[in-house]
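Notes follow once the structure below has been shown.
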Amino acid sequence: MIETTDTSAKILGLDDTFSFGCDSGLTCFNKCCRDINLFLTPYDILRMKRRLRIPSGEFLKTYTFPLFPEEIGHPVILLKMMPDETKNCPFVSEQGCLIYDDRPWSCRSFPLEPVADTLPPAFGIVKRDFCLGFGKGRTSRTVRKWRDTQNVALYEEMNGEWKKITHHEDFTSKNFLDGYFRDIFFLGSYNIDEFRNLVTSGELQKYFDIGNSVLKRIKSNETELLRFACRWMRCVIFGEDTLKRR
Ligand code: SF4
Ligand code: SF4
């Protein structure tokens, strides 16, 4: 599949308009949900495994595979496409996405792609050769409005917490995580139910002073648990002062 960021198109700000419309009446319907490299963020995994009502370990085993690219410095997780000739995403059906409300960030944000970490935010347009949605839809819709309708805000806030690890200078200076630290990264980023076991078993509290109100919050709210896991990784991997050690 050919996928390009349209370099001829101007870079869009939040209040610029663009014309794109996706609906089931188009002959390209669902074509974008096959044969893709779909990288999953920790918050994507949390939402998807919760939607499927399975533990994160089972989700990882059944639906994903890991890669360990040296140039990135940390393990990444990709969604497995079906092993047959369709190479479909496992969650696509004739009616569309079966997990639509919990689909990953990259499915939500298409066709907009953030340009690095610019402020104010800026976006390029990703083109796919078969996608007929370009030029369709309301021409007066702004990037801001489109992003609101796709509910990307919480995803991007959570991705921001994770980027404090993945964009850390130890990664950007090309140090590769391995052994113990790679296990820590994998657990805190991708296997949230296993991380919860570490908390509920009391094992983590042997090394960190976690107040009762924090404990209560992270035990009852998975999003808060993931935020906490990001702080834990920064403390353990980089020695940052994000948790109080015993
Ligand atoms: S318009 Fe584009 S995004 Fe929508 S179904 Fe067709 S290929 Fe997919
Ligand atoms: S998760 Fe949903 S939207 Fe994303 S590729 Fe799969 S079927 Fe398509």
Rounded to the nearest whole number, the Stokes-Einstein translational diffusion coefficient of the chain at 10 °C and 1.306 mPa s (Kirkwood radius, C-alpha pairs) in µm²/s is 80
Per the 1/(1 + (r/R0)^6) rule, R0 = 22 Å and r from the Cβ atoms of residue 182 and residue 78, FRET efficiency to 0.05 is 0.85
Nearest 10, in degrees from 0 to 90: the angle of helix 42-52 to the longest Cα principal axis of the chain is 80
Once normalised by the length of segment 170-228, the mean sequence separation of its alpha carbon contacts under 8 Å that are 6 or more apart gives a contact order in percent of 29
For residue 127, the lysines lying under 23 Å Cα to Cα, once residues fewer than eight places off in the same chain are dropped, come out as 10, 31, 80, 87, 136, 145
For residue 163, the lysines lying under 16 Å Cα to Cα, once residues fewer than eight places off in the same chain are dropped, come out as 174
In the chain, taking the dipole from +1 charges on Lys and Arg beta carbons and -1 charges on Asp and Glu beta carbons about the Cα centre, the listed residue (106, 89, 214) farthest towards the positive end is 214
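State to the nearest 20 debye the size of the charge dipole of the chain about its Cα centre, where the only charges are +1 on K and R beta carbons and -1 on D and E beta carbons. Could you put the intermediate results ahead of the total?
Numbers: 36 positive and 34 negative charges, 144 e Å.
Roughly 700 debye for the chain.
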Per GNM of the chain with C-alpha springs under 10 angstrom, the most fluctuating residue out of 205, 95, 150 is 95
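In whole angstrom, how long is each semi-axis of the equivalent ellipsoid of segment 67-115, when you take the square root of 5 times every eigenvalue of its Cα gyration tensor and sort them from largest down? Working shown, then result.
Details: eigenvalues 111, 61, 18 Å².
Output for segment 67-115: semi-axes of 24, 18, 9 Å.
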Cross-link reach from residue 206 to lysines, straight Cα distance under 19 Å and at least 8 residues apart if same chain, gives 216, 219, 244
Which of 119, 38, 60 fluctuates most in a GNM of the chain (C-alpha springs under 10 Å)? That residue is 119
Connecting every pair of Cα atoms under 10 Å apart in the chain and solving the GNM, the largest mean-square fluctuation among 87, 145, 216 falls on 216
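Rounded to whole Å and ordered largest first, report the semi-axes of the equivalent ellipsoid of segment 158-238 derived from its Cα gyration tensor (root of 5λ). Could you put the intermediate results ahead of the total?
On the way: eigenvalues 102, 36, 24 Å².
Equivalent ellipsoid semi-axes, largest first: 23, 13, 11 Å.
If you average the sequence gap of Cα pairs under 8 Å that are 6 or more apart and divide by the length of the chain, what percent do you get for the contact order?
27
Values in this text are rule-based calculations from the coordinates and carry no lab data. Bear in mind the structure is a predicted one, so any value in this text is a computation, not a measurement. Note that each Cβ is placed from the backbone with ideal geometry, even for glycine, and that neighbours are counted across all protein chains shown.
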